[in-house]
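The values are calculated or read from the model by the stated rules, or taken from the named source; none is laboratory data. Just so it is clear, the model here is predicted, and its values are computed rather than measured. Please note: Cβ atoms are built from the backbone with ideal geometry, for glycine as well, and neighbour counts cover all protein chains shown. The area values use the complete protein model at the heavy-atom level, side chains included, leaving out ligands, DNA and RNA. Shrake-Rupley method; radii C 1.70, N 1.55, O 1.52, S 1.80 Å.
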Amino acid sequence: MLIKDMFRKRIDRELQGVIIVGQGEETNVAQELEEYVVTKELQRHFADFFAAYKKGIIGTTPKMGVWISGFFGSGKSHFLKILSYLLGNKAVGDKKALDYFIDDAKIADPMVLADMQLAAETPTDVILFNIDSKSNSTSKQDKAAIVNVFLKVFNDMQGFCGSMPHLADLERRLSDEGRLDEFRAAFEEEYGSAWEDSRQDFDFIQDTVVDVLSAMGFMSESAARNWCEKAVEPYQISIEDFAKRVKTYIDKKGHNHHVVFLVDEVGQYIGDNSRLMLNLQTVTEELGKECMGKAWVIVTSQQDIDSITQVKGNDFSKIQGRFDTRLSLSSANVDAVIKKRILDKTDTAAQALRLYYDQKETVIKNSSSSTTAWKRSSIPPQTTLPRSTPLYHTSSISWPAR
């Protein structure tokens, strides 16, 4: 038997070494869901998360923040993406995201699986993004940087212009009056290009926008031109108004609708900027107060929330109350994932290795012990080894469980 034939899955298949939020080709999504390993640690995290999320489905709660921490490579971004698939009840081919968990028996506790099923059946808009990639290059200098990014992705999710909030407000108003499609058709007929393809060049299409709005009777020509002039000015929105806008959207949707903001690497984005920390705290607080568990904020960070608030002082202790659900991913989770996802053997190969190990156990142990002893004996006294110096022992050999 060749070594490559021992593994349950093709050892030479392409794997994503780093999970990138926002990268969601359907083939990658299917592989992510099929091969996602739910370790013992993740079993607890799924249980804690969905138990907390359930409170906003069956009732109300102001504690709608989730803080996911873990060092680089611990799987926190992957966990965030998987949550987005489950909460959004994402369809991949002819299966839903939750079906991958059910079919492969990834979740051991039937109560947790029931909570996951309840969440999947709840209508939800999932907004998954890396906050640094969505923010403007100079936005960190603005104390309202985080609420501006939240507004941008919220507008994008609705199909409005995220990069130009003035235009998004116009589109929202047209949509509320049931005339957005009429505006799009009239604009394309006059300008020759689709509205969504042209709106980024607003400086060059203002005359057409004025003509279309006035021809529709939506605004007078002078009012439309005045609006266009204001549309290029800096946009400001208070956190309170943003939260109310989200609540209005949720109420309009009805049927216990939820909106979930899943924000990757928020800790790295905030850094040691106390103004951004305050902005995140207030955004989460206002969304909790206005939406009472119908809008959620789930973030990832390399630092746990306790260490961040201690560094930045007591002014930010309130944020711990909003991010009441805290999930920490450890290095043990990485080892378990590698063993299951990559090194998992077929039944035949595992049995063959057990038999071979039984035959060679003494030789292997003696050989490993001799190598370790030789390595140690060859080191002069008082020598400090660099951390990279390998010392061989049997724990480096991956044998199937006996």
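Considering only residues in segment 201-227 that are more than 37 Å from the chain's Cα centre (by Cα) and of a type in the set (A, V, I, L, M), the one that is farthest from Glu182 (Cα to Cα) turns out to be Ala223. Residues of segment 136-161 that are open to solvent by less than 10 Å² (accessible area, probe 1.4 Å) and outside any helix (DSSP H, G or I): Cys161 alone. Suppose we keep only residues that are surrounded by 15 or more Cβ atoms within 10 Å (Cβ to Cβ) and among the β-branched types (Val, Ile, Thr) within segment 223-269. Which one would you say is farthest from Phe154 (Cα to Cα)? Among them, the one singled out is Val266. When segment 259-278 is filtered for residues that are hydrophobic (A, V, I, L, M, F, W, C) and in contact with a strand residue (DSSP E or B) (Cβ under 7 Å, 6 or more places away or on another chain), the ones remaining, listed by number, are Val259, Val260, Phe261, Leu262, Val263, Val266. With respect to the conditions (1) in a helix (DSSP H, G or I); (2) modelled with pLDDT of 95 or more; (3) surrounded by fewer than 20 Cβ atoms within 10 Å (Cβ to Cβ), Phe101 lacks only one, and its number is (3).
In the set Lys106, Lys95, only one residue is farther than 27 Å from Leu280 by Cβ, out of contact with any helix residue (DSSP H, G or I) (no Cβ under 6 Å at 6 or more places or on another chain) and open to solvent by less than 30 Å² (accessible area, probe 1.4 Å); that residue is Lys106. When the residues of segment 291-311 are filtered to those that are open to solvent by 40 Å² or more (accessible area, probe 1.4 Å) and in contact (Cβ under 8 Å) with a residue 12 or more places away in the chain, the one that is nearest to Lys55 (Cα to Cα) is Met292. Looking at Ile68, is it open to solvent by less than 20 Å² (accessible area, probe 1.4 Å), of a type in the set (Val, Ile, Thr) and in contact with a strand residue (DSSP E or B) (Cβ under 9 Å, 6 or more places away or on another chain)? Yes.
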